[in-house]
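Engineer: Structure below; questions to follow.
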Amino acid sequence: MPPPDPPPPSLNSIPAELVAEAGRLRDEIRRHDRLYHALDRPEIEDSAYDALKRELRGLEQRHPGLASADSPTRTVGAPASAAFSPVEHGAPMLSLDNVFDAGEMEEFDRRLAALLDDHEGERVYSAEPKLDGVALSLFYERGVLVRAATRGDGRTGEDVTHTALTIKSLPLRLSGGNIPDRVEIRGEVFMPLGAFKRYNEEAEKDRAEGGKRKPLVNPRNAAAGALRQKDAALAAQRSLEFFAHGLGLAEPMPAASGQTALLDLMKSWGLKPCPQAECVTGMAGCAEYYERILAGREDFDYALDGVVFKLDRFDLRDQAGASSHAPRWAVARKFPAEERTTTVRAIEYQVGRTGALTPVARLEPVFVGGATVSNATLHNYGELLRKDVREGDTVVVRRAGDVIPEVVRSLPERRKGNPPVPPLPERCPECSSEVARPEDEAVARCTGGLICPAQRKAAILHFASRQAMDIEGLGEVLASQLVEQGLVESPADLYSLAADQLNSLERMADKSSDNILESVERSKSTSLARFLYALGIRDVGRITAGGLARHFGNLRALRGASEEELREVSDVGEIVARRVHGFFRHEDNLRVIESLRRHGVDWPESQRASAQQAGPLSGKTLVLTGTLEGMSRDEARERIVAAGGRVTSSVSKKTDYLVAGASPGSKRAKAEQLGVELIGRAQLLSLLEAQ
Ligand code: IVH
């Protein structure tokens, strides 16, 4: 056994004024480190800084008992080499489940109560604004900030200490008592709205004067981008802030009985929790808090996208536990998408891949939902009529997260004069073919098919897209040129392009034409699922294409399938079956497929897949209806299939569950009639996780 370490020299033997002096020097040096490295705002000359360090080093050498592992004589600020290197979190950084209305909130509370030993009475929640920022984990060792890391995948994040140090509200050293030896402080980094506005005003001014400063898109991206800057001085320009809202690993666990006590404790350590955090009781308390924060949403200097309710008592949290991705004792109640009014400058039409004419409102630019919006979709002509949108109108626009901005409604009471209802164009704006709108359909379409350059371009772009044939380098500009020059009529023509044809296009360098030809060549070896998706059969998205490929295993079987056989495939209903069946009965389509095959487009063939994947939903058939907030249809389908389940499009006696989101359609009534079990989003999530 090695001999035990000698006892550390006791601080008691060193005069108190020297201990205080060393402490003062360390704090002073740390302050200058931060001013120099992180804020790019040094206050003293290098020589004066060196003198401070020399003084401290001398003191520590003369009195070894003063030395400490975290002294700036031993540590360096944040070495640039550590930037962005992986950091394993001491405790996982979980996400939160979302609810979207009072009903879902009550469902959450009931589910939570059932997990607790004592489920009588009302629960006390810590209520906090949900900041729309970036999650950060700060690791303090013996009270000293050692590292700051992003969330990453929840287990491993990225080291962003160098940029996190620019956050002024972030203490380098925790003060006060009851500080664990090792502790991860969890919280949110954000760019205050005032700072965001000022930054963009200055950027505008700079650009007007010929400078290169770019305006920031929105405060959230600005914060995320700031943390990921290599150069901390650039991050410092964004005036980031940090609000602490919880702990990760803590050794030893500090004595706090619940969230409210913890927030107070963190405050005493010098951290800043969100000032609007408070304790509320029961569903009435939660609802009142939600309404109040929502009403005051505009008054805060930070962007909020909801409020978070966390069971206050830690002992109860232990009883509730967590799933792999979120705690069962907390939930985020999201705000509805932000809405703003602006005016319609013009209404124009875009022609999509299937010829659908989408009316688009060109708007007076408006900042909504965290981004500046100048175009908003009106979805289709039926929608335009229903919402009665006319040129010059004041309209309400909405944008939620990454969703395409849309016109919610028009405000005809603010209309000046009586502008005409915008007529549906009789001819396609791209190819002048006739526009048709079947009586019972909302969508108007160009009847030009592949003679319409807009449809042709869109079909080529779709064919080449990453999820389809993945032809790198074939973007919008090239697709337009190829179609306009008459070099490509159908996707099959891509495979007979020659280098000199590409070189003849404007702004095409030899090297890039070689690259394009190479990626075209590479795309020949693909999978049946990608190929089917790439063909652009109406209503056949990636998931359906995957389902068809798995079910039939090869193109021959699929081509020969009847509508009934097609409907056996998960997620294929009457309409999709008709479309797929029809597609393979169309001469032109078969010719394109033949030509693609002749050019060498190929994939490994397989047998029909019979067994479904094993998982918690094995053997179960689910139908989706309504909007599953926070989860797209595709995502829901993908997760159900990954869990071994089947998704079909219509409710029958064979359906095991109808997953009903907001505003469910007639499927709900049908399910109730047939006695099919109805479940909500939250229950779907628990089913997916059940083992
Ligand atoms: S608590 C285990 N509290 O929201 C609990 N998160 O959607 C996890 N967020 O990753 C988080 N404000 O980045 C919590 N007051 C708050 C929050 C908050 C914003 C973020 C956080 C989290 C995400 C989950």
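The values are calculated or read from the model by the stated rules, or taken from the named source; none is laboratory data. Note that the structure is a prediction, hence the values are computed from the model and not measured. Cβ coordinates were reconstructed from backbone atoms using ideal geometry, including for glycine residues, and neighbour counts include every protein chain displayed.
Engineer: Of the conditions (1) within 12 Å of the ligand (Cβ to nearest atom); (2) in a loop (DSSP other than H, G, I, E, B), residue 243 clears all except one; give me its number.
Structural biologist: Of (1) within 12 Å of the ligand (Cβ to nearest atom); (2) in a loop (DSSP other than H, G, I, E, B), only one is false for residue 243: (2).
Engineer: Suppose the filter is within 16 Å of the ligand (Cβ to nearest atom), in a strand (DSSP E or B) and among the polar types (S, T, N, Q); does residue 95 pass it? Give the derivation first.
Structural biologist: On the way: within 16 Å of the ligand (Cβ to nearest atom): yes; in a strand (DSSP E or B): no; among the polar types (S, T, N, Q): yes.
In short, no.
Engineer: Related question: Can you tell me which of (1) within 22 Å of the chain's Cα centre (by Cα); (2) modelled with pLDDT of 95 or more is the one residue 346 doesn't meet?
Structural biologist: Going through the list (1) within 22 Å of the chain's Cα centre (by Cα); (2) modelled with pLDDT of 95 or more, residue 346 breaks only (1).
Engineer: So, in the range 659-677, exactly how many residues are in contact (Cβ under 8 Å) with a residue 24 or more places away in the chain and exposed (fewer than 12 other Cβ atoms within 10 Å of the Cβ)? Full working, then the answer.
Structural biologist: Initially, the range 659-677 is screened for residues in contact (Cβ under 8 Å) with a residue 24 or more places away in the chain, giving 659-665, 667-668, 671, 676.
Of the ones still in play, those that are also exposed (fewer than 12 other Cβ atoms within 10 Å of the Cβ) are 663, 665.
Of the residues in that region, 2 qualify.
Engineer: Among the residues of the range 399-407, are any buried (at least 20 other Cβ atoms within 10 Å of the Cβ) and within 16 Å of the ligand (Cβ to nearest atom)?
Structural biologist: no
Engineer: Right, another one. What residue, among those in the range 113-155 that are part of a strand (DSSP E or B) and of a type in the set (Asp, Glu), is surrounded by the fewest Cβ atoms within 10 Å (Cβ to Cβ)?
Structural biologist: Kept after step one, since they are part of a strand (DSSP E or B), are these residues of the range 113-155: 124-131, 134-141, 144-150.
Filter again for of a type in the set (Asp, Glu), leaving 128, 141.
Values: 128: 26, 141: 14.
Per the stated criteria, the residue is 141.
Engineer: Sticking with this one: With respect to residue 317, is the statement that it is among the charged types (D, E, K, R), farther than 30 Å from residue 412 by Cβ and more than 14 Å from the ligand (Cβ to nearest atom) true? Break it down stepwise before answering.
Structural biologist: Values: among the charged types (D, E, K, R): yes; farther than 30 Å from residue 412 by Cβ: yes; more than 14 Å from the ligand (Cβ to nearest atom): no.
So residue 317 does not fit the description; no.
Engineer: Filter the range 205-240 down to the residues that are part of a loop (DSSP other than H, G, I, E, B), in contact (Cβ under 8 Å) with a residue 24 or more places away in the chain and of a type outside the set (A, V, I, L, M) and list them by number.
Structural biologist: 218, 228, 229, 230, 237, 238, 239 - these are the residues of the range 205-240 that are part of a loop (DSSP other than H, G, I, E, B), in contact (Cβ under 8 Å) with a residue 24 or more places away in the chain and of a type outside the set (A, V, I, L, M).
Engineer: Of the residues 38, 22, only one is buried (at least 18 other Cβ atoms within 10 Å of the Cβ) and modelled with pLDDT under 85; which? Full working, then the answer.
Structural biologist: On the way: 22 fails: modelled with pLDDT under 85.
After ruling out the rest, the residue left standing is 38.
Engineer: Of the numbered conditions (1) touching a residue at least 24 places away in the same chain (Cβ under 8 Å); (2) under 30 Å from residue 33 (Cα atoms), residue 344 fails exactly one; give the number of that condition.
Structural biologist: (2)
Engineer: Let me ask another. Condition first: of a type outside the set (Val, Ile, Thr) and surrounded by 17 or more Cβ atoms within 10 Å (Cβ to Cβ). Can you find one or more residues in the range 210-217 that meet it? Spell out the reasoning first.
Structural biologist: Within the range 210-217, the subset of a type outside the set (Val, Ile, Thr) is 210-216.
Add one more test, that the residue is surrounded by 17 or more Cβ atoms within 10 Å (Cβ to Cβ), and what stays is 216.
Checked the range 210-217: at least one residue is of a type outside the set (Val, Ile, Thr) and surrounded by 17 or more Cβ atoms within 10 Å (Cβ to Cβ).
Engineer: Here is a follow-up. Output the number of the condition that residue 183 fails; it satisfies all remaining conditions of (1) within 24 Å of residue 129 (Cβ to Cβ); (2) in contact with a helix residue (DSSP H, G or I) (Cβ under 8 Å, 6 or more places away or on another chain).
Structural biologist: Among (1) within 24 Å of residue 129 (Cβ to Cβ); (2) in contact with a helix residue (DSSP H, G or I) (Cβ under 8 Å, 6 or more places away or on another chain), the lone unmet condition for residue 183 is (2).
Engineer: Scanning the range 184-239 for residues that are under 16 Å from residue 300 (Cβ atoms) and of a type in the set (D, E, K, R), which turns out farthest from the ligand (Cβ to nearest atom)?
Structural biologist: Restricting to residues being under 16 Å from residue 300 (Cβ atoms) and of a type in the set (D, E, K, R), the top hit is 197.
This table checks each residue for (1) within 13 Å of the ligand (Cβ to nearest atom); (2) out of contact with any strand residue (DSSP E or B) (no Cβ under 8 Å at 6 or more places or on another chain); (3) farther than 24 Å from residue 122 by Cβ.
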{"position": "266", "(1), (2), (3)": "yes, no, yes"}
{"position": "285", "(1), (2), (3)": "no, no, no"}
{"position": "321", "(1), (2), (3)": "yes, no, no"}
{"position": "331", "(1), (2), (3)": "yes, no, no"}
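Engineer: State the number of residues belonging to the range 627-653 that are free of Cβ contacts under 8 Å to residues at least 40 places away in the same chain, in a loop (DSSP other than H, G, I, E, B) and under 25 Å from the mean Cα position of the chain (by Cα).
Structural biologist: 1
Engineer: Which residues, counting only those in the range 129-169, are among the hydroxyl-bearing types (Ser, Thr, Tyr) and away from the ligand (no atom under 16 Å from the Cβ)?
Structural biologist: So the first thing to find is which residues in the range 129-169 are among the hydroxyl-bearing types (Ser, Thr, Tyr), and the list is 137, 140, 150, 156, 161, 163, 166, 169.
Correct list: 140, 161, 163, 166.
Engineer: Within the range 282-334, can you find the residues that are in a strand (DSSP E or B), more than 23 Å from residue 155 (Cβ to Cβ), out of contact with any Asp or Glu (no Cβ under 8 Å at 6 or more places or on another chain) and aliphatic (A, V, I, L, M)?
Structural biologist: 311
Engineer: Only one of 43, 55, 17 is outside any loop (DSSP other than H, G, I, E, B), modelled with pLDDT of 75 or more and touching a helix residue (DSSP H, G or I) at 6+ places or on another chain (Cβ under 9 Å); which? Show your work before the answer.
Structural biologist: Numbers: 43 fails: outside any loop (DSSP other than H, G, I, E, B); 17 fails: touching a helix residue (DSSP H, G or I) at 6+ places or on another chain (Cβ under 9 Å).
On inspection, the qualifying residue turns out to be 55.
Engineer: Sort out which residues of the range 116-128 are among the aliphatic types (A, V, I, L, M) and either free of Cβ contacts under 8 Å to residues at least 24 places away in the same chain or within 16 Å of the ligand (Cβ to nearest atom) (or both), and write them in order of number.
Structural biologist: Going residue by residue through the range 116-128, those that are among the aliphatic types (A, V, I, L, M) are 116, 124, 127.
The one that is among the aliphatic types (A, V, I, L, M) and either free of Cβ contacts under 8 Å to residues at least 24 places away in the same chain or within 16 Å of the ligand (Cβ to nearest atom) (or both): 127.
Engineer: Test residue 430 against the stated conditions and say whether it is surrounded by fewer than 15 Cβ atoms within 10 Å (Cβ to Cβ) and part of a loop (DSSP other than H, G, I, E, B).
Structural biologist: Details: surrounded by fewer than 15 Cβ atoms within 10 Å (Cβ to Cβ): no; part of a loop (DSSP other than H, G, I, E, B): yes.
No; evaluated as a whole, the condition is false for this residue.
Engineer: Please work out if residue 361 is in contact (Cβ under 8 Å) with a residue 40 or more places away in the chain and crowded, with 16+ Cβ neighbours inside 10 Å.
Structural biologist: Details: in contact (Cβ under 8 Å) with a residue 40 or more places away in the chain: yes; crowded, with 16+ Cβ neighbours inside 10 Å: yes.
So residue 361 fits the description; yes.
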